[in-house]
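In what follows, a structure is listed as structure tokens, so that the remarks can point back to it.
Each value in this text was obtained by applying a stated rule to the coordinates, not by laboratory testing. None of the values given here were measured: they were computed from a predicted structure.
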Amino acid sequence: MIQFRNLVLLLVAACLSACAAGGAQTRQAQTASERSTERWQAIIAGNHALAYDYLTPGMRSAKTREAYVAEAAIKPVRYLAAKPFGESCETDACTVNLELEYEVAIPLAGVGKQRLPAYLDERWIRLDGRWYFLPDEIP
């Protein structure tokens, strides 16, 4: 009876271990487009501290979280929506094509705030199984 109980416990432990490993693989198997979407959701929500975490480690070493958040807070643009519409990838590098919608105040009499579309290509690289945003310049 003890051997049977030990066998059952061993099987349960193996199943739990396999489930945990599958969850880790799922988190790491995100595409660059999914990571880009998450980053833009944080930016749209005004959570620039979270958006900072999507930058490559090298970019994060060049600018502190506090400086990144402070600079983002004073930008005259408010992002409203972001939608990826394409992705081209090599092994550990992707370009994500995005359609953005943003609002900007135009300082001309009678113009005011304007809602505009924009299209951009973001570069993403995979490091240790996770995708990171690599801007053209230090943000």
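Data table
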| read-out | value |
| --- | --- |
| Segment 31-133 - percent relative contact order, Cα under 8 Å, separation 6 or more | 26 percent |
| Vicinal HN-Hα couplings computed from phi for segment 60-74 (Karplus, 6.51 cos²θ - 1.76 cosθ + 1.60; Hz; Gly/Pro x) | 5, 6, 8, 8, 6, 4, 4, 5, 4, 5, 4, 5, 5, 5, 9 |
| Cα shape, segment 31-133, gyration tensor, a/c 1.5 rule | oblate |
| Amide proton proximity set for Thr31, modelled H, under 5 Å, gap of 5+ | none |
